[in-house]
Each structure stands twice: as structure tokens, then as C-alpha cells.
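Asker: Just passing along the structure, written as C-alpha cells.
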Amino acid sequence: MSEYGLLIDYKYCTGCLSCDFACNQEHGFPLGQSGIKVAQFGPWEIDTDKYEYLFVPALTELCTLCSQRVEKGKQPACVQHCQSLVMTYGRIEDLAKQMVGKPKHVLYSR
Amino acid sequence: MDFDNPLQKQLPWRWQEGDLTVTRSNAWSGPGCHEGCGVLIYTDKEGKMVKVEGDPENPFNQGRLCVRCLALPEVTYHPDRLLYPQKRVGERGEDKWERVSWEEAYDTIVTKFNAYKAEFGPQSVVFNQGTGRDVTWANGRLCYGFGSPNSSDFQSGMACYLPRLSSLYATTGSFLVADCSQHFPDRYDEPSWTRPECIVIWGCNPIISNADGFLGHWIVDCMKLGSKLIVIDPRLTWLAAKADIWLQIRPGTDAAMALAWLDVIINEKLYDEDFVEMWTLGFDELAGRVAEYPVEKMAEITWVPQEKIEAAARLYATSKPAAIQWGLAIDMTKESLPAGQAITALWSITGNVDIPGGMVTVALPYGADIWGGDWGYSHLSPEAKAVRIGLDKYPLLQWGLPLAQADEIVEAMLTDDPYPIKAIWLVGSNALACMGADPEKLMKALNRMEFVVNIDLFKTPTAVACADLLLPVLTYPEKNGLRAVWYHIGNINKAIEPVGEGKSDAQLAIELGHIFNPDLVPWETVEEYFDAVLEGTEMTFEEMRDAGAVLYTDFEYKKYEKGYERGDGELGFNTPSGRIELYSTAYERSGLDPLPYFEEPTESPFSTPEMYEEYPIVLTSGARHWASFHSEHRQIHRLRAMRPDPIVEIHPETAAKYGVGEGDWIWIENHRGRVQRKVQLTTILDPRVINADHGWWYPEKEPAAPSLYGMWDVNFNKLIPWDPGRSGFGANYKSLLCKIYKVNQGEEAQSWLP
């Protein structure tokens, strides 16, 4: 298991799918396949004038954490292209510390 | 390389990464887009583009990129790209073409255009465009170089940003945009910038639509920094779901909403008295007019509860700075100018003008004649200027952008009144399937023309139905160019050889313009032209490229207090009174109501109650999707897979009422026609309103008429009339009435399967 992972602030994921497309392009996966896919929840009304409308990216078996890009000092393709700038690549240990006290974050290991 | 701004970095414009070459560039159409994000184009040893990435060094997008640029290689290398000039050899609509040389294409254009000029005057040739962005200046240059005053688009009321721009220009003498730090290369770290306390998203979904140099995800950046949100939208968008207040407005009532806010703000004295006193004209007259639109009455009209309107108006007026990111819904109401005027009054009386995090006035970067400017218009003869179509009927066209009025162009094409139109230069516009209203009328008008030149990346229904000559243009990695928006200017750098024989829009304008009028278009190459317009940067095109630069101008707030708004150096704004004219003297001189007002959509539950009985659903359209830019990208497989079918969003209650279900194909019908859509059930809409996709055609279906790529069954424009507002600006594209019913089995428009 890699000691690196991705921390995602999914509160601000807008479901634009740039991560999915950037990954697919970077690795030349067949159409529809990617190391990261985005799930949608909602929209539905939770309470008066309160809505659930969430997008949550998840890593698939295809994700390599872009080791070849990272070796060159770049960000993983999904992290770089995320339109909401909500993804952070780093050591899981550090990311876990960053996550403390922050709502609606998810930490992925590979 | 010395930059004026110490925060600007010198960066390489081309380098090697292993086997791949990387070229830094800016993505400006084609394909169509209103952004111009910084991109890195990767090419292999054979010079083929393998991928496009966002440029992390570009302050505009900071590395991010949307799916349409990520899918660019599929666009550029698509087998259906137009690769060489072709002339029509069958009848219009038969889709029979023959390849010709550029020499023959240019000869034909020059011979025919000059013959029409000699017999009917230069005004008999109209230069229209779609909404491509490295096209506008080129279209203007060519039009004015040829000597015609008629440059516009085929859209009723030119109902896309132009109404708002004209309204702003008439009442403030400038243009204003929501301040998300975009003027500064260090962006959110810039010390003089403050994040808006509150951002109003009015009639747009900016994270997808990304209108004109405003990257929608800057809103998300500001949300993270603590900006509150008010969203005014008939649909529960993602932004609406996150907003502090969402006002689910009835389509077409934006002016009523703005007047209701003004009513609350004026009655509760929440406005900025000092700013109003010092810098505005006609506050008392405005207050008098606003009193005719009390919030309780506007609540009934907009279908939004009074207390919500009041809460939103209070939140907006008590937040400072506050910004309003407004959108197309303002333009796509028939009386769009008073709507824009009312919203402008909101940010004016609250003193949110040209302050950090408010609405900032903007100018052309380095005066470069690219994003806006003269484009040679001032060199037209007084006689030519005087016959611009629509000028007599719509005097407001005298001020601001020198546009010909689109509805009047179509009338002139059909009637020869006020004079014959003989030829159309139509660039980057699939008007029949996209921006044009009533496509049958438009097709008839186009087919009265003796000569139609269509310039595009792909063959479209409009091309097949009406064009005599097809010219191929280039995608951005295939060309050199300039990309400019209010805040900065940068290079479009050629990264690959053109796939076919295409030319850039700039090349077409400069090469043909030079033939038509070498005095006005003295440049022989586009690079010479770029050098000339970059004079203010003190760099040539190559020097700017070598610096890898996106050049930012120095930006200051409160320019009206420093004498920077007006050409004469006086304080104040560039209007006759020197003030923001809440009471517009420009409107008054144009025979228009000088104060904002609301008028019901021409067809609505209130204006046509009898029609509402027969057509009992309010119909809106035009919401954008990630996968396409209006009618573009329908043939791009990976994007089409995101949105394979033309969709109509319907509330489940409404669907049940009319016996339709998820995935059903239905007809949406009004008294003008009917159009098919596939049902998507959703609770994001009021049950009284449905929302249909626009800009649909089927690149995979038969091109030849009557099919025209299967356009007729799915062409939303069949439901829309050519019917502009009193000023000549605005049209009801987004507020119609309709009924719905299932399509008979076997008659569904669907054809594409992933």
C-alpha cells in the first residue's frame, strides 16, 4: 500500500467530471473508465430550504496516484484539473492531520 | 524581459518533457468558449497533439480545466472536421459539395462581394457570427474593411450579453463585472482585494456556463473564503442548493425581482446615501418608479414568497462589498434593458461600484483592439454608418457597440426593405439549430440570399441548408492568435500543424480584408496585425510569446474618484452627467423610458391567461451542460456520452399529471410548433415550469434536407418568435408557454447509443 493518498473536500465538489476526464486522458483508459469516478447524491430537500446536493469522487482500482507525474514534480492529473481545487495529494499521515476538524472531507488510500 | 507588474513571471512558452513537447497557450475558440483558460498542449515526436492540460502558472484558471478542453484532441482530429474549402454543387440542402482551392474560394468571395457592393452598396453584404471569441474582432475587421456597417448575429434581440452591455454603457459609460480578484496575477493573495461578503448569482449557472472571462469556479473559491450566496434561478442548481437564499423565480420576471429588491432597499433606507448623493443621477425619479412595483405585488408576479425576497434584498444591501454575477436570463427577456438597468441600480445605490469585492469597471487591456474596440468601424464613411440596419428604428444602437439589429436584418433579407441584402458571411454560427429564433423564417431569409459563405469547424445543419461556400477554420492549438479579456491579454500559440487546409478566423479577416481594403487593413499577416494591436504592451507578438506571458494591466479601484473613467480626466463616470444615470438620459434621447420597468413575457400565465389554459406549462430553456458549448460538441464521442439525448427536466408531479415518465420521449408544443425531448424527472423545478435543452442536432443523422441532421424534430427554436424588445435588445427565449404529450412509438428522435 502506498503511503500517499488523496484528501478531498467534497463539500465543494461541483460534479464537473474534470478529474474523471483528466485521469482517462492521462492514462489512455477506454471511454468511461477512469481511476476516479464521481457519485451524485441528490438533489433532494432535507428540510425547509435545505438541500442535499452532493458529489463525491471515489478512487477506482485503476488509480495509480499518478506516480509517474508525481515523480516529475507534478500533481496527479485529477488534482491539477479539479475545477473546485478541492483535492490534495500527500502522505496519508499528513493528510489525516489536515483533515482533523474539517467537515465533509474524505481521505483515500490506495 | 521587464514586466510593469512585478508579480508577473517570465515563463518558457515551449519545452520538452521526455518524448513530448509542451506548448503554453490560451484556449480561445474554436471550439467555442468564453473563457480562454491557460493550457499546456502536449505533442509527440510526429507533432501530433496527445493531450491538453490546464496551465498551473496561469492565474486565470490556475491549472484547472473543464472536460471540453480535456477532450480537445478528439475535436481537432475528428474525422468530420472541415479540412478544405468546398463549394456547393447541388441545390441548397442537397449536401453536394466539391473541394476547391483557397485561391478559387477567395476569388469567388472577392468577385461576388465586390459585384454586390458595386450594384447595391457595401451594406448589401452582412457579416454575422456565432459566439466564438477569437472571431468577434476578426468579423468586425472584415466587415468594416469591406465597407459594410452591418455586423451582428442571427439572434432575436441579440439576446446574449449585448443587451446588458448596452444597458451598462448607456447608464454608466463603462462595463462592470463581479470582482473575484481576476485583475491581479496573485489573485486571492492580492492585498488590495477583499472577498465579496455576498455574491448574487442572477440568472446563470456560472460553474457550467462560464460567461465571458469569468471562470465560474471563482465563485466556489469565494465560497471557501466565506462569501455568502444568493441564487436567483428557476432551477435548483448546485450553487442554489448551497446558497444562503435561493429565490426560485418564474422565468422572465427578473426585472420584477430587481424592482422588488429596490423597493425593499429604498423603503428600509439600506442604500448608500453618500454614494447616491455624490455619484448618481435621478435617485428620486427611480424611487418614484420603484414605488409602482411594491414587493408584495412582485412576490405574486415572480412566484417567490415576499419574505424571501425581502430577506434576500436585506442580505444583499447589508453586505459590503457585494457582487452580482448576472447571466443570460437577463438578456433573454424581451424587455431586457430595463431589467439590466434595475440590477445596475441595485449595485449603484448600495455603493458597490468599483470597490474591492464589488462590481468593478473594466477596460480593454493595453487598449488592444481584440476583446473589444473599434475594429475599423470609425473609418467607415458617414454614408455607410448611416445605413446600418436597425439604426432608424432603434436609436439606442447609436451608443455603445455598433451592431446591426438582428431581427431587422432578417426582415431586410426577406423584403429588400430598407434595401436588398445579397450575401451573408456567417462565421462560427449554426444559427438554424442554435441562436436563431423561428428557424423556418431564418432559413427562408438565408435562402433568399444570392451568396452565403459559412465558416466553421464542422458542417452543420445551417451549412447544409443555406451555404454556397464552406470554409474550414482552425481549433486553437493549430493557430497563432491573441486572447484578451477585460483584465489581461495573452498569446494563443500554435502547437500543431493544421489538420487540413484550414485557416484561422484572424487569417481570413486579415487576408481578405487586405484584398478588399489595403488602406484600412494594411497588414499582410496576422502576426503583423498582432504586433500592431499590441503596441500598448511595448512588445511584439513574438516577444510576448517568448516571455510566456499573460499580461495584466495595472488595476485600481474607485477610478471614478481619480478621473480615470472619462476621456477628459474629469471625475465621475463617462456619461453626459458624469454620474451613474439611474434616470438614463441616453434612453430618454433614444425615445425609451428613462427608468426601469417590468413587462410580462409576451406569453405567460398573466399576460395571456387564455393561452395558458391551452398551454398550461411555463417553458424555459438554455441551461448549459458540461458536455457542450451550445450546439457544438454533439459529435464528440466522450462528451456526447455525458449527454446523449436532448433532455427536458420535469417535476414528477407534472409528469404524472400529463402521463409521461422518466425516459419517455415527449412533444413540447406551443402555437408555433412542437419539438421532441426525452424526459428527466427532477424536483429542481417548480411543478409549473419545465426546462428543455437547446442547441440540438444529430451529427450522426442524414445531412441532406429535409433531415438536416435530424434537426427539425429537436430544434427548440421552432417555439421562439423573432420578437425583440422596444430598444431592439432582448427577446423571450427563456419564457414561453407549452403543453406536453408523449411521442408515438417509433417516432422518437433518439438515434445515438453510447
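Asker: Just to verify a number: FRET efficiency for B:Q10 and A:Q68, C-beta to C-beta distance, R0 = 35 Å, to 0.05?
Answerer: My answer for the efficiency is 0.80.
Asker: Just the accessible area per residue of the stretch A:4-109, please: how many Å² with a 1.4 Å probe? Could the numbers behind the result be given before it?
Answerer: Numbers: 5130 Å² over 106 residues.
Solvent-accessible surface per residue comes out at 48 Å².
Asker: What whole-number value in cubic angstrom gives the convex hull volume per residue for the C-alpha atoms of chain B?
Answerer: Measuring per residue, one finds 148 Å³ for the Cα hull of chain B.
Asker: Contact order normalised by length for the stretch B:142-254, with contacts defined as Cα pairs under 8 Å and 6 or more residues apart; what percent is it?
Answerer: So the answer I get is 16 percent.
Asker: Also: Return, for the Cα atoms of the stretch B:1-117, the radius of gyration and Dmax in Å, separated by a comma.
Answerer: 20.1, 60
Asker: For the stretch A:4-109, which whole percent of the accessible surface, found with a 1.4 angstrom probe, sits on carbon and sulfur atoms?
Answerer: Values: 2670 of 5130 Å².
Ligands and nucleic acids excluded, carbon and sulfur reach 52 percent.
Asker: Any idea what angle helix A:18-27 forms with the longest principal axis of chain A, computed on alpha-carbon atoms, 0 to 90 degrees, nearest 10?
Answerer: Between helix and principal axis, roughly 20 degrees.
Asker: Right, next: Suppose we compare each residue of the stretch B:66-105 in its chain alone and in the full protein complex with a 1.4 Å probe; which ones drop by at least 50 Å² of accessible area?
Answerer: Correct list: B:V67, B:L70.
Asker: Please work out the ratio of the alpha-carbon Rg of the stretch B:555-668 to 2.2 N^0.38 Å and round it to two decimals.
Answerer: 1.81
Asker: Measure off 7 Å from each Cα along the Cα-to-Cβ vector at B:E307 and B:K657, then give the distance between these two points in nanometres to one decimal.
Answerer: Result: 2.5 nm between the two label points.
Asker: Moving to a separate point now. Say a paramagnetic label sat at a point 7 Å from the Cα of B:R688, along Cα to Cβ; which residues of the stretch B:292-315 have their backbone N under 15 Å from it?
Answerer: B:297-306
Asker: Then there is this: Roughly how many nanometres apart are two label points built 7 Å out from the Cα toward the Cβ at A:T60 and B:E57?
Answerer: So the two model labels end up 3.4 nm from each other.
Asker: Then there's this: List the pair-distance distribution P(r) of the stretch A:4-109, using every Cα-Cα distance, as the percent of pairs falling in each 10 Å bin from 0 up to the bin containing the longest distance, rounded to whole percents.
Answerer: Taking all Cα pairs of the stretch A:4-109, the binned fractions are 15, 45, 30, 9, 1 percent.
Asker: If you count only protein heavy atoms with a 1.4 Å probe, what accessible area per residue comes out for the stretch B:424-476, rounded to a whole Å²?
Answerer: 18 Å²
Asker: Which loop-located GluC sites (Glu not before Pro) does the stretch B:226-301 contain, where loop means any DSSP state but H, G, I, E or B and the Cβ has at most 13 other Cβ atoms within 10 Å? Before the final figure, lay out the partial values.
Answerer: Numbers: sites: B:E268, B:E273, B:E277, B:E285, B:E292, B:E296, B:E300; in loops: B:E268, B:E292.
Those satisfying the criteria are B:E268, B:E292.
Asker: Let me ask another. What percent do you get for the relative contact order of the stretch B:593-648 when only Cα pairs under 8 Å and 6+ apart count?
Answerer: Relative contact order here is 16 percent.
Asker: How much of the accessible area of the stretch B:513-659, in percent, comes from carbon and sulfur atoms when a 1.4 Å probe is used?
Answerer: 47 percent
Asker: Quick one: Debye curve from the alpha-carbon atoms of the stretch B:491-585 only, equal weights, vacuum; give me log10 I(q)/I(0) at q = 0.22, 0.24, 0.25 Å⁻¹ to two decimals.
Answerer: At q = 0.22, 0.24, 0.25 Å⁻¹ the computed log10 ratios are -1.05, -1.15, -1.21.
Asker: A further question on this structure: Can you list the residues of the stretch B:42-71 with backbone N under 19 Å from a point 7 Å past the Cα of A:L31, pointing along Cα to Cβ?
Answerer: Hits in the stretch B:42-71 for A:L31 at 19 Å: B:50-52, B:67-71.
Asker: Calculate, for the stretch B:91-209, the solvent-accessible area per residue in square angstrom, rolling a 1.4 angstrom probe over the heavy atoms of the protein chains.
Answerer: Working: 3270 Å² over 119 residues.
In whole numbers, the stretch B:91-209 has 28 Å² accessible per residue.
Asker: At a probe radius of 1.4 Å, figure out the B/A buried accessible area, summed over both chains, and give it in Å² to the nearest 100.
Answerer: Summed over both sides, the interface buries about 2900 Å².
Asker: May I ask you to give the average projected area over all directions of the convex hull of the Cα atoms of the stretch B:27-182, in nm² rounded to one decimal? Walk me through the numbers on the way to the answer.
Answerer: Numbers: hull surface 55.5 nm².
Computing the convex hull of the Cα atoms and averaging its projections yields 13.9 nm².
Asker: Any chance you could run the full-extension gain for B:W399 through B:K224? It's 0.36 nm times the residue separation minus the Cα-Cα distance, nm to one decimal.
Answerer: Numbers: separation 175, 0.36 × 175 = 63.00 nm, distance 4.00 nm.
Between B:W399 and B:K224, full extension yields an extra 59.0 nm.
Asker: By the gyration tensor of its Cα atoms, with a ≥ b ≥ c the square roots of the eigenvalues, what is the shape of the stretch B:276-339: rounded for a/c under 1.5, prolate for a/b over b/c, or oblate?
Answerer: Rounded, since a/c falls under 1.5.
Asker: Buried by at least 30 Å² relative to the chain on its own: which residues of the stretch A:53-81 qualify, computing accessible area with a 1.4 Å probe on protein heavy atoms?
Answerer: By number: A:Y53, A:K74, A:Q80, A:H81.
Asker: Work out from phi, with θ = phi - 60° and the Karplus expression 6.51 cos²θ - 1.76 cosθ + 1.60, the ³J(HN,Hα) of each residue of the stretch B:716-733, listed in order in whole Hz, and give x for Gly and Pro.
Answerer: After applying 6.51 cos²θ - 1.76 cosθ + 1.60, I find 4, 4, 4, 8, 10, x, 7, 7, x, x, 4, 7, x, 10, x, 7, 7, 6 Hz.
Asker: Shape of the protein assembly as shown from its Cα gyration tensor (a ≥ b ≥ c, root eigenvalues): rounded if a/c is under 1.5, otherwise prolate when a/b > b/c, or oblate?
Answerer: On the way: a/c = 1.15, a/b = 1.03, b/c = 1.12.
Since a/c stays below 1.5, the shape of the protein assembly as shown is classed as rounded.
Asker: Tell me the label-point distance for the pair B:E119, B:Y77, using the 7 Å Cα-to-Cβ offset, in nm and rounded to one decimal.
Answerer: 4.8 nm
The values are calculated or read from the model by the stated rules, or taken from the named source; none is laboratory data. Predicted, not measured: the structure shown is a model, and the values here were computed from it. No Cβ is skipped: glycine too gets one built from the backbone with ideal geometry, and neighbour counts run over all protein chains shown. Just the protein is used for accessible areas: all its heavy atoms, side chains included, with ligands, DNA and RNA removed. Shrake-Rupley method; radii C 1.70, N 1.55, O 1.52, S 1.80 Å.
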